[in-house]
Amino acid sequence: MCGIIGYIGKEGAKDIILNALLKLEYRGYDSSGISIINEGEIITKKAVGRIKNLKAITEDLPESNMGISHTRWATHGKVTEANAHPHTGCNNQISLVHNGIIENYTQLRKILKEKGHIFKSETDTEVITHLIEEMIKEGNDIETAFIKTLKLLEGAYAIAMINRAEPNKIYAARKSSPLVLGIKEGEYMLASDTLPILPIMSDIIYIHDGDILTITKDSYKIQNLDQVPVNREITKIKADLDEITKGDFPHYMLKEIHEQPKTITNAFSGRIDEENSTAKFGGLNIDEIDLKKIDRVILTGCGTSWHACQYGKYLFEDIARIPSIAEYASEFRYRKPALTENTLLISLSQSGETADTIAAIEEAKKFNVRTIGIVNTIGSTIARMVDGGIYLHAGTEIGVASTKTFNSHLVILYLLSVYLARLRNTITKEKANEMLLELKEIPKKVEEILENETQINNISEKYFNVKNALYLGRGYNFPVALEGALKLKEISYIHAEGYPAAEMKHGPIALIDKDMPTIAIAPMDRLFKKVQSNIEEVQSRGGKVITITTEDIEDHSFDEIIKIPKTSEYLMPILATIPTQLLAYQIAVKRGCDIDKPRNLAKSVTVE
Ligand code: AGP
């Protein structure tokens with residue numbers, strides 16, 4: 001939701017901090033700010049808009065060897081300079097940045113105002129600075145004031161704080177919002193994720209909930225809220241720096257769409273067990289006896305990840321014959337679900353930090369439900385809180401609109417369905433072998449589709465000015481319709497809806513006219529004729545239809561056609577998704593939208 005940076009070490013901190021902040025801009029980008037300490041004074045600069053606006057006003061910022069910074073996705077308070085972080089309280093004695101939500105900020109703000117504190121912003125975050133000031137006023141030293149303040153906060157936080165009385169110290173703390181510490185001889189960097197750290201440091205500590213850090217340029221200390229020292233493992237991470245550059249692509253999103261032959265391969269590499277005609281996973285950590293007892297699977301996630309859950313639901317029922325449902329995490333966590341210890345919760349998340357998905361897992365754990373997390377971000381909160389995990393190995397996804405990780409999720413769910421089906425004898429070895437062989441053909445078929453980009457570009461020329469669009473798919477391709485609609489919405493700001501094709505007759509058909517195109521996913525499979533009827537229903541009402549179908553299509557009367565290679569019904573969604581990603585991308589480019597940082601969005605929604 002937001003990105004925070006803390007740095008202490010070498011001189012030249014200003015540039016180090018701002019360059020690091022740029023790598024977090026995908027997390028939130030409506031305003032930003034930086035504080036450094038120079039000659040015993042805290043100097044803070046803040047700007048609305050992108051980080052380049054902040055850079056433009058920090059030229060005269062004096063040098064320092066430490067500081068903090070923040071890039072914001074507004075939760076409380078409008079997008080203004082006053083609401084941008086850092087926040088410095090009443091007398092500029094401390095400066096603080098925060099990612100998360102302080103749920104009891106209204107009560108705290110009231111108490112602090114009664115004690116004479118003057119607030120400069122509408123944010124929840126600012127109460128933290130005034131609370132620390134109040135604790136200092138009561139005679140506590142800075143560290144005690146910081147810890148006592150944390151004990152009063154309800155909600156989620158990743159905080160970095162500096163104070164002018166200790167110009168060589170940074171305090172930090174984490175509760176439910178991500179925070180990592182990079183370590184190098186004589187310098188340390190705090191960040192919301194590893195991206196800003198990896199270009200300069202390879203030793204990482206994933207900070208846990210409840211950890212409180214005190215960092216100087218020569219040392220760091222981690223303790224819990226009871227001031228008991230805590231040891232955290234140092235993980236060495238090899239930075240793949242070209243992962244975090246656009247290469248020859250104009251946008252990260254297009255690069256990530258084109259990475260899919262590789263990332264799909266990464267998702268199944270080492271996970272196909274040909275000898276036993278099944279799939280294998282290193283970190284499932286749930287023994288097969290318990291897996292055989294599973295009588296219900298709940299797949300949960302948000303946004304694109306929830307669309308992948310929908311796909312998983314079809315597969316688990318069809319192949320592994322396990323009753324399965326796909327639930328929005330934000331709904332699951334509050335609906336008092338009837339769970340038993342034979343329920344399996346599978347959470348999907350690219351970031352591994354989505355607050356609603358984390359809360360859904362916490363809810364399920366209350367019922368001793370076994371939990372599996374399928375995530376992309378190594379060491380993320382979800383990866384560390386589930387019983388068993390499967391990493392996507394898709395590499396960093398910078399584009400706010402998820403693309404490669406959606407298909408990586410589909411590959412993992414496909415392999416997991418084969419594994420569970422073989423465990424439960426609901427498919428034969430021959431069927432499993434056929435499914436695994438077909439999967440290995442997919443990267444090449446994705447390459448073929450990506451070579452067809454020009455045709456999709458031509459189609460986007462005709463439709464980039466529409467106001468609405470309808471996406472239709474049946475069966476395994478219904479999730480593709482949902483995902484295709486979300487992509488268009490997210491990056492082109494055109495309103496789009498994904499629907500089960502047959503459902504179009506029960507209402508949405510009223511919307512059809514010549515100005516509202518329909519994108520139909522209609523491969524030549526057992527449901528083709530059904531979808532073809534829906535296409536004709538649309539066209540007979542003057543609606544234009546862009547049909548994504550397979551290359552063996554015979555004569556047709558579709559307005560536009562995008563042909564893709566054939567594959568099995570189960571794997572078709574992976575192929576059919578590619579044209580929907582490219583179509584959304586091309587339309588958004590023609591509309592002059594900000595592809596990698598769409599308005600109002602953030603890459604990781606770490607608040608409710
Ligand atoms: C997808 O393009 C969006 N960026 C968004 O819907 C995203 O999928 C959702 O916020 C869930 O994120 P996660 O996969 O990191 O949990």
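Looking at Thr381, Thr371, Thr354, which is the one that is surrounded by 18 or more Cβ atoms within 10 Å (Cβ to Cβ), hydroxyl-bearing (Ser, Thr, Tyr) and more than 13 Å from the ligand (Cβ to nearest atom)? Talk me through it step by step, then tell me what you get.
Numbers: Thr381 fails: more than 13 Å from the ligand (Cβ to nearest atom); Thr354 fails: more than 13 Å from the ligand (Cβ to nearest atom).
One residue alone meets the criteria, Thr371.
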query = Among Thr80, Thr44, which is in a loop (DSSP other than H, G, I, E, B) and touching a strand residue (DSSP E or B) at 6+ places or on another chain (Cβ under 7 Å)?
reply = Thr80
task = Give the residues of segment 553-566 that are in a loop (DSSP other than H, G, I, E, B) and either free of Cβ contacts under 8 Å to residues at least 60 places away in the same chain or touching a Pro at 6+ places or on another chain (Cβ under 8 Å) (or both), sorted by residue number.
result = Ile553, Glu554, Asp555, His556, Ser557, Phe558, Asp559, Lys566
key: Conditions (1) closer than 30 Å to His251 by Cβ; (2) of a type in the set (D, E, K, R); (3) touching a residue at least 60 places away in the same chain (Cβ under 8 Å); (4) away from the ligand (no atom under 16 Å from the Cβ); number of the one not met by Glu569   = (1)
task = Write out, first by first residue and then by second, each pair whose Cβ atoms fall under 9 Å of each other, whose residues are 6+ apart or on separate chains, and whose first residue, in segment 7-32, is part of a helix (DSSP H, G or I) while the second is among the aromatic types (Phe, Trp, Tyr).
result = Ala13/Tyr7; Ile16/Tyr7; Ile17/Tyr7; Ala20/Tyr7; Tyr26/Tyr252; Arg27/Trp73
message = From the list Ile51, Ile57, Ile5, exactly one residue is of a type outside the set (Ser, Thr, Tyr) and closer than 23 Å to Glu166 by Cα. Which is it?
response = Ile5
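Hey, does segment 167-176 have a residue that's in a loop (DSSP other than H, G, I, E, B), farther than 21 Å from Glu103 by Cα and modelled with pLDDT of 95 or more? Let's see the steps before the verdict.
Of all residues in segment 167-176, those in a loop (DSSP other than H, G, I, E, B) come to 167-169.
Still in the running and farther than 21 Å from Glu103 by Cα: 167-169.
Imposing the further condition that a residue be modelled with pLDDT of 95 or more reduces the set to 169.
Yes, segment 167-176 has at least one match.
Identify, please: which residue in segment 294-327 is charged (D, E, K, R) and in contact (Cβ under 8 Å) with a residue 40 or more places away in the chain and is, among those, nearest to the ligand (Cβ to nearest atom)? Walk me through it before giving the result.
First, pick out the residues of segment 294-327 that are charged (D, E, K, R): 295-296, 313, 317-318, 321, 327.
Right, trim to in contact (Cβ under 8 Å) with a residue 40 or more places away in the chain and you get 295-296, 318, 321.
On the way: Asp295: 27, Arg296: 22, Asp318: 24, Arg321: 27 Å.
The extreme case among them is Arg296.
Hey, can you tell me all the residues within segment 328-351 that are of a type in the set (A, V, I, L, M, F, W, C) and within 16 Å of the ligand (Cβ to nearest atom)?
Within segment 328-351, Ala329, Phe332, Leu345, Ile346, Leu348 qualify.
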query = Mind checking which residues of segment 395-426 are at pLDDT below 95, more than 10 Å from the ligand (Cβ to nearest atom) and small (Gly, Ala, Ser)?
reply = Gly395
request  = Please go through segment 34-65 and pick out each residue that is touching a helix residue (DSSP H, G or I) at 6+ places or on another chain (Cβ under 9 Å) and among the charged types (D, E, K, R).
outcome  = Lys45, Lys46, Arg50, Lys52, Lys55, Glu63
note = Contact list, first residue from segment 351-373 and free of Cβ contacts under 8 Å to residues at least 40 places away in the same chain, second anywhere and more than 11 Å from the ligand (Cβ to nearest atom) and of a type in the set (Lys, Arg), beta-carbon distance below 8 Å, six or more apart or interchain, is Glu362/Arg333; Glu363/Arg333; Thr371/Lys365
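Select from segment 384-394 the residues that are away from the ligand (no atom under 12 Å from the Cβ) and of a type outside the set (Gly, Ala, Ser) and write down the one among them that is modelled with the lowest pLDDT.
Of the residues in segment 384-394, the ones away from the ligand (no atom under 12 Å from the Cβ) are 384-391, 393.
Then drop every residue that is not of a type outside the set (Gly, Ala, Ser), which leaves 384-387, 390-391, 393.
On the way: Arg384: 87, Met385: 92, Val386: 95, Asp387: 94, Ile390: 96, Tyr391: 95, His393: 93.
The selected residue is Arg384.
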query = Does Pro508 fit the bill of being at pLDDT below 95, more than 16 Å from the ligand (Cβ to nearest atom) and in contact with a Phe, Trp or Tyr (Cβ under 7 Å, 6 or more places away or on another chain)?
reply = yes
query = So which residues in segment 235-260 are hydrophobic (A, V, I, L, M, F, W, C) and surrounded by 12 or more Cβ atoms within 10 Å (Cβ to Cβ), if there are any at all?
reply = Ile237, Ala239, Ile244, Phe249, Met253, Leu254, Ile257
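Okay, residues lined up against (1) among the hydrophobic types (A, V, I, L, M, F, W, C); (2) touching a helix residue (DSSP H, G or I) at 6+ places or on another chain (Cβ under 8 Å):
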| position | (1), (2) |
| --- | --- |
| Ile519 | yes, yes |
| Gly542 | no, no |
| Ile574 | yes, yes |
| Thr580 | no, yes |
| Lys590 | no, yes |
From the options Ile118, Ile136, residue that is surrounded by fewer than 14 Cβ atoms within 10 Å (Cβ to Cβ), in contact (Cβ under 8 Å) with a residue 12 or more places away in the chain and either more than 34 Å from the chain's Cα centre (by Cα) or farther than 24 Å from Thr214 by Cβ (or both) = Ile118
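How many residues does segment 458-492 hold that are in contact with a helix residue (DSSP H, G or I) (Cβ under 8 Å, 6 or more places away or on another chain) and within 16 Å of the ligand (Cβ to nearest atom)? First the steps, then the outcome.
Pass one, segment 458-492, residues in contact with a helix residue (DSSP H, G or I) (Cβ under 8 Å, 6 or more places away or on another chain): 459-461, 463-464, 468-484, 486-488, 490-492.
Keeping just the survivors that are within 16 Å of the ligand (Cβ to nearest atom) gives 471, 479-484, 486-488, 490-492.
Within segment 458-492, residues that are in contact with a helix residue (DSSP H, G or I) (Cβ under 8 Å, 6 or more places away or on another chain) and within 16 Å of the ligand (Cβ to nearest atom) number 13.
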request  = Those residues that are under 25 Å from the mean Cα position of the chain (by Cα) and under 22 Å from Met201 (Cα atoms), I need them from segment 35-71; list them, please.
outcome  = Ile68, Ser69, His70, Thr71
query = Being part of a strand (DSSP E or B) and among the β-branched types (Val, Ile, Thr), is that true of even one residue in segment 505-519?
reply = yes
task = Among the residues of segment 571-594, write down those that are surrounded by fewer than 22 Cβ atoms within 10 Å (Cβ to Cβ) and either of a type in the set (Val, Ile, Thr) or part of a loop (DSSP other than H, G, I, E, B) (or both).
result = Leu571, Val589, Arg591, Gly592, Cys593, Asp594
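The values are calculated or read from the model by the stated rules, or taken from the named source; none is laboratory data. Remember, it's a predicted structure, so these values are computed and weren't measured experimentally. Cβ: placed from backbone, ideal geometry, glycine included. Neighbour counts: every protein chain shown.
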